[in-house]
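Have a look at the structure below, then the notes.
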Amino acid sequence: MNPENPLIQKHIASGGTAAVYEEGHISILKRGWKLRIEDVSNIPLTLSGKASFMIQNALAATLAAFLHGVSIDDIRMALGTFTSSVAQTPGRLNLFDVGGYQVLVDYAHNPAGYEAIQSTLERWDCQRKIGVIGGPGDRRNSDLRELGVLAARMFDRAIVKEDDDRRGREPGEVAALIRQGWEQEKAGDRLQEILDEATAIETALEKAEPGDLVVIFPADVQRTIQIITRFQDKLNPKPSYRGSSYSIGPDLISPSPDVKLS
């Protein structure tokens, strides 16, 4: 992410090749030359360059492809057409339009994952940021409290839930630890506790208002997508045609092309 990094410079000086992010571009550096591959604003996976962790992923993929002899045109085409859709990357930065508000689904389940989403949401233009949060039961108590701290920093309101598999924890134990972290940052009633994941997601979707962004950190990704899809169908009924059937295939369940970022 920093082409002036001493490790990068030393590597290039010794004959190595590196992929770097410079002046808004994914570029390849090798000794005395630089090859610009693509502007990140043309890479859907990065949400116009706002999702820095996706820029990091694009760097790794670009370098791997380049060193294996994939043509620049093919690399550029791949970067420009690969999206964080349900079909291609289920549970990884999937964005949905649901009746005037947006829903973002990401399988973030540790502090590093929460921090990555937090950095993206800092650039997001919306009315309210509402989270459906949780964490695996086999993490340290301190890690679960940290999830609560990070969630309080990125969301206006949130619902804390638990995984179906609590991994040895008692019911409510994980949620209580996350709440402790949340309350270090935010006091009051802005964190609701609904332990059942499906119910927590449905509640967040029902209470969301136009202009809101609902962010869901699910344990069961496929179930979460099915719930969101049901809400889409309920708020935007499919047209019916007399004498014939009409259906929308799963490939059309994809992120919104209109990402509201500041």
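Give me the angle, in degrees from 0 to 90, between the Cα long axis of helix 141-154 and the longest principal axis of the Cα atoms of the chain, rounded to the nearest 10. Long axis of 141-154 versus the principal axis of the chain: about 90 degrees. Between Leu95, Leu63, Leu121, the GNM of the chain built on Cα springs shorter than 10 angstrom shows Leu63 fluctuating the most. Fully extending the segment from Ser14 to Leu35, taken as 0.36 nm per residue of separation minus the present Cα-Cα distance, adds 5.8 nm.
Which shape class, rounded, prolate or oblate, goes with segment 1-71 when its Cα gyration tensor gives a ≥ b ≥ c as root eigenvalues, a/c under 1.5 marks rounded, and past that a/b bigger than b/c marks prolate?
Details: a/c = 2.07, a/b = 1.51, b/c = 1.37.
Prolate, because a/c is 1.5 or more and a/b exceeds b/c.
Quick one: if the Förster radius is 35 Å, what FRET efficiency do Asn57 and Asp164 give, using the C-beta to C-beta distance and rounding to 0.05? If you can, show how the numbers build up before the last one.
Working: r = 29 Å, r/R0 = 0.81.
Efficiency, from the Cβ-Cβ distance: 0.75.
Positive end of the dipole of the chain (Cβ unit charges, origin at the Cα centre): among Gln192, Val149, Leu45, the Cα lying farthest that way belongs to Leu45. Treating the angle as unsigned and between 0 and 90°, give the value, to the nearest 10°, between the Cα long axis of helix 72-81 and the longest Cα principal axis of the chain. For helix 72-81, the angle is close to 10 degrees. Karplus-derived 3J(HN,Hα) values for segment 118-132, using 6.51 cos²θ - 1.76 cosθ + 1.60 with θ = phi - 60°, are 4, 5, 6, 5, 4, 9, 8, 9, 7, 6, 9, 10, 10, x, 10 Hz; glycine and proline are entered as x.
Peptides 21-34, 142-155 ordered by packing proxy, namely the average of other Cβ atoms within 10 Å per residue, highest first: 142-155, 21-34. Here the relative contact order of segment 22-61, from alpha carbon pairs under 8 Å that lie six or more residues apart, stands at 28 percent.
Could you tell me the calculated FRET efficiency between Gln192 and Asn2, based on Cβ-Cβ distance and R0 = 45 angstrom, to the nearest 0.05? E between Gln192 and Asn2, to the nearest 0.05, is 0.65. Per-residue ellipticity at 222 nm, computed for the chain from helices alone with -39500 (n - 2.57) per DSSP H run of at least four residues, works out to -11500 deg cm²/dmol.
If you average the C-alpha positions of segment 62-107 and of segment 163-201 separately, how far apart do those two centres end up, in angstrom? Answer, in whole Å: 31. If you plug the beta carbon distance of Gln184 and Glu122 into 1/(1 + (r/R0)^6) with R0 = 22 Å, you get a FRET efficiency near 0.65. Compared with the dominant principal axis of the Cα atoms in the chain, helix 197-207 is inclined by about 90°. Among 78-89, 36-47, sorting by the average number of other beta carbon atoms lying within 10 angstrom of each residue, highest first, gives 36-47, 78-89.
Laboratory data are not the source of any read-out in this text; all were calculated from the coordinates shown. These numbers were taken from a predicted model, which means no experiment stands behind them. Methodologically, a virtual Cβ is constructed for each residue, glycine included, from the backbone with ideal geometry; neighbour enumeration extends over all protein chains shown.
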